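Data first, discussion second: the structure below is written as structure tokens.
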Amino acid sequence: ASYSIEPLTSLSGKPVNQTFRVFFTHENPQLAYEVTKAISNLFIEESIITQRSETRGTEEFLDSQLRSARQRLEET
């Protein structure tokens, strides 16, 4: 069995941000498929968790800015 995770590059040869290829070879094609699928799903799940966290941070920032602007408006 062998494996690799390689960054994806565009046609011009530049790396594509946060994009990669997962390779896993094994004498049993079904096992190779299942392992590659499981690894890919773990990366996808982690990406979703990160995006949710970033979204929450953005919402909190916007809420604080809105409260601050509202307070300044009320003071004037």
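No value in this document is a laboratory result; all are computed from the given coordinates. Predicted, not measured: the structure shown is a model, and the values here were computed from it. Note that we place each Cβ from the backbone using ideal geometry, even for glycine, and neighbour counts take in every protein chain shown.
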What length, rounded to one decimal in nm, is gained on full extension from THR25 through to ALA1, with 0.36 nm per residue of separation minus their alpha-carbon distance? 8.1 nm
Collect residues whose amide H, placed 1.01 Å from N in the peptide plane, falls under 5 Å from the amide H of PHE20; neighbours closer than 5 in sequence don't count. LEU8
Roughly speaking, what is the stretch gain from LEU11 to GLU46, that is 0.36 nm per residue apart minus the C-alpha to C-alpha distance, in nm to one decimal? 9.9 nm
Phi-derived 3J(HN,Hα) across region 61-76 with the Karplus relation (6.51, -1.76, 1.60, θ = phi - 60°), rounded Hz, x for Gly and Pro, is 4, 5, 4, 5, 5, 5, 4, 5, 5, 4, 5, 4, 5, 5, 5, 8
Per-residue ellipticity at 222 nm for the chain, helices alone: DSSP H runs ≥ 4 residues times -39500 (n - 2.57), over residue total, nearest 500 deg cm²/dmol? -23000 deg cm²/dmol
Can you pull the Rg over Rh of the chain, Cα-only, Kirkwood? 1.34
Quick one: give the max-minus-min coordinate of the C-alpha atoms of region 24-67 along each principal axis, largest first, in Å. 60, 10, 6
Near GLU46, within a Cβ-to-Cβ distance under 13 Å, what is the net charge of the other residues, with Lys and Arg +1 and Asp and Glu -1? -1
